[in-house]
Amino acid sequence: MPGSLITFIIVVIIIVIYVVSNVQPVEVKFLFWQAQVSKALLTLVPLMAGIILGFVLAQIDRFKKARTKARQKKQKKGG
């Protein structure tokens, strides 16, 4: 089993333990909006948004680097 898979499984187990331990509702007030949500949901939603945003930004960066590398390779062949 690769190390990254083991790390992923451990992180998922920790997240599941956290969610099960924090199901009590808390009141959230933002400007004129008010709601009751669980503590776990209140922290997991921003966590997932951050993970998704980080993944998207990493893919954009990887795409830009590959495009720059291809352009430089093309210039070397042509020049």
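No value in this document is a laboratory result; all are computed from the given coordinates. Just so we're clear, the structure is a prediction, and the values are computed from it rather than from any experiment. All Cβ positions, even for glycine, are placed from backbone atoms using ideal geometry, and neighbour counts span all protein chains on display.
Debye-formula intensities of the chain, expressed as log10 I(q)/I(0) at q = 0.12, 0.17, 0.20 Å⁻¹, are -0.62, -0.86, -0.99 (one equal scatterer per alpha-carbon, no solvent). Here each label is just a point 7 Å from Cα along the line to Cβ, and for VAL28 and ILE51 those points are 1.7 nm apart. Calculate how steeply helix 39-78 sits against the longest principal axis of the alpha-carbon atoms of the chain, using the helix alpha-carbon long axis, and give the answer as 0 to 90 degrees to the nearest 10. The angle comes out near 0 degrees. Projecting the Cα positions of VAL11, PHE63, ILE52 onto the charge dipole of the chain (unit charges on Cβ atoms of Lys, Arg, Asp and Glu, taken about the Cα centre) puts PHE63 furthest along the positive direction.
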